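Structure record follows, encoded as structure tokens.
The values are calculated or read from the model by the stated rules, or taken from the named source; none is laboratory data. Computed from a predicted structure; not experimentally measured. Here the Cβ positions follow ideal geometry from the backbone for every residue, glycine too, while neighbour counts run over all protein chains shown. With ligands, DNA and RNA removed, areas are computed over all heavy atoms of the protein, side chains included. Shrake-Rupley method; radii C 1.70, N 1.55, O 1.52, S 1.80 Å.
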Number of protein chains: 2
Amino acid sequence: MTEAPENRIEDAILDAIAEQRLPAGTKLGEQVLSELFDCNRANVRRALASLAGQHIVELRPNRGAFVVTPTPQEARDIFQARRAIERTIAREAAKHATVEDIRKLREIIEEEAQARATARKPLELRLSRQFHIQLAKIAGNHVLERFLAELTMRSTLILGLYSSGGASQCSEDEHTEIVNALEKGDAEALSHLIDEHLQHLEADLSFDRPKQIGFGLAQALVSPSY
Amino acid sequence: MTEAPENRIEDAILDAIAEQRLPAGTKLGEQVLSELFDCNRANVRRALASLAGQHIVELRPNRGAFVVTPTPQEARDIFQARRAIERTIAREAAKHATVEDIRKLREIIEEEAQARATARKPLELRLSRQFHIQLAKIAGNHVLERFLAELTMRSTLILGLYSSGGASQCSEDEHTEIVNALEKGDAEALSHLIDEHLQHLEADLSFDRPKQIGFGLAQALVSPSY
DNA sequence: TTAAGTAAGATTGTTAACAAAAATAAAGAA
DNA sequence: TTCTTTATTTTTGTTAACAATCTTACTTAA
């Protein structure tokens, strides 16, 4: 069975945001999307309504749908929410992690390192996000996993707007420390490491000058940059 | 300016769920809703898609939209998520609470007591939920507030399905204790009280025999029970 | 040159008709 | 009766045409 068109659209938009092919503020025109995904406007509108319900997309009446552009205040709220959620994810992951889970996390870190070494920033970002999502899957709480999926998606948009670029190597090293703590099963240390990791990510932001603000093309939706 | 029809529909459905007029599993037929809110089906579908994005409604292809029925596992995930989120809300609320905030919370508790005294369970439930939402507003984090709004909504459905009925008086007393700790500005005590309060709520559930499962009428949407 | 106003084009919003699928009711066989 | 099959009805899904709104380009006047 092939996937429903509105889900294909939704997933494609989410994937594109996760890899920074779709920057904050990009207009998501109905006709463009319906042609791109070969379906009618009704399905496009359904996908956009669902994304609006998840605060990934903003619907402006009579104007259309746009990728959200988080404000500095929203960025603070999002990182505070991530710390609340990921501390609990950390403690739960420590309870449930298997050797296979650990192996998979290290694999993601390895790919991250390679992406960074070859200067493939979008891939690196997707993998960094994947690392956090994977921890949530290990924790086994579907609700927290979904919340984190949304928050990391919006974090990617925030990084695109406000990142001052520094924290990349740092982030990777911290991921390694996190897996080590997980392997030891030290829930409290793990929780603390994750919390600090997120504080470091947030500290890397600078709200002086927003960088890329949405340009028009949704072509990025179908052509990955690597 | 009058509100857009899809928002009217969405809010009406959420209100009805918050007061247990719409139980888990209720079918939300498109024609019924479009007649009830005097709008076309397109608006109904948009509202339902948005609610589906918030996991309040489940869309089954070719079947229609239904109020979600949380499983016992989902109930556990939801309460764990609430504890993660509301602990942080508690600490933030302790930082920002004004005397006016305290007054308003006590007002809600008072109304709760009256609703309980006069055996108006749906109103009592709505107010109990309102208490937690109000704390989130005081904390001032819009993201956490929205997550909590969703979680308390689903908690109401869970109580409808699995509540063993006992925790009502207990819950009210704990709300009082919580406001007292907030007034003192004791963030850690407050966080701990909230955590215990949620554990008590969860402990009141019994997963033996689900009670009300969705019957058909969406008439409940427009006629409050008090 | 700049600004305001106007007209043309493009995009979103609304509506209705039709197609497809599922639920229901009815009829027949074991 | 009970189960299956078939026909009917209801509901969801799709499509296209039209209306309303916004955007853009152009013209005109200060």
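Miscellaneous remarks
- Put simply, chain B fits an ellipsoid with semi-axes of 31, 19, 17 Å; these come from the alpha carbon gyration tensor as the roots of five times its eigenvalues, largest first.
- Residue among B:THR98, B:THR118, B:THR152 with the largest mean-square fluctuation in a Gaussian network model of chain B, springs linking Cα atoms under 10 Å: B:THR118
- Between copies, B:ASN7 shows label-point distances of 3.1 nm, shortest first, with the point placed 7 angstrom from Cα along Cα to C-beta.
- Helical mean residue ellipticity (222 nm; -39500 (n - 2.57) per DSSP H run of 4+; nearest 500) of chain A: -22500 deg cm²/dmol
- At a threshold of 40 Å², the residues of segment B:82-100 that become less accessible to a 1.4 Å probe in the full protein assembly than in their chain on its own are B:ALA84, B:THR88.
- Over 23 Å (Cα to Cα) - which of B:LYS104/B:LYS137; A:LYS95/A:LYS137; A:LYS121/A:LYS184; B:LYS104/B:LYS184 fall in this group: A:LYS121/A:LYS184
- HN-Hα J in Hz across segment A:67-81 - Karplus 6.51, -1.76, 1.60, θ = phi - 60°, x for Gly and Pro: 4, 4, 10, x, 7, x, 4, 4, 4, 4, 4, 5, 6, 5, 5
- Buried accessible surface for the A/B chain pair comes to about 2300 Å², total over both chains, computed with a 1.4 Å probe.
- Between segment A:123-183 and segment B:105-137, the Cα center-to-center distance that results, in Å: 38
- Pairwise FRET efficiency - B:ALA42 versus A:ASP38, Cβ, R0 = 25 Å, nearest 0.05: 0.75
- Square roots of 5 times each gyration tensor eigenvalue, C-alpha, the protein assembly as shown, largest first, Å: 35, 30, 20
- Å² per residue, accessible surface of segment A:72-203 at 1.4 Å: 40
- Accessible area of segment B:1-97 belonging to carbon and sulfur atoms, whole % at 1.4 Å probe: 44
- Shape category assigned to segment B:1-135 from the gyration tensor of Cα positions, a/c cut at 1.5: prolate
- Distance between the 7 Å Cα→Cβ label points at B:LYS104 and A:LYS95: 3.5 nm.
- Taking the C-alpha atoms only, the angle from helix A:187-203 to the longest principal axis of chain A is near 50 degrees.
- Note on B:ALA119 and B:ARG8: their simple-model spin labels are 3.6 nm apart, each label 7 Å out from Cα toward Cβ.
- Interface residues of segment A:37-69, defined as those losing at least 40 Å² of solvent-accessible heavy-atom surface relative to the isolated chain (probe radius 1.4 Å), are listed as A:ARG46, A:ALA49, A:GLY53.
- Over segment A:72-203, Cα pairs under 8 Å with separation of 6+ residues give a relative contact order of 43 percent.
- Positions from segment A:123-165 whose accessible area shrinks by 50 Å² or more when the full protein complex is built, not the chain alone, probe 1.4 Å: A:ASN141, A:VAL143, A:ARG146, A:PHE147
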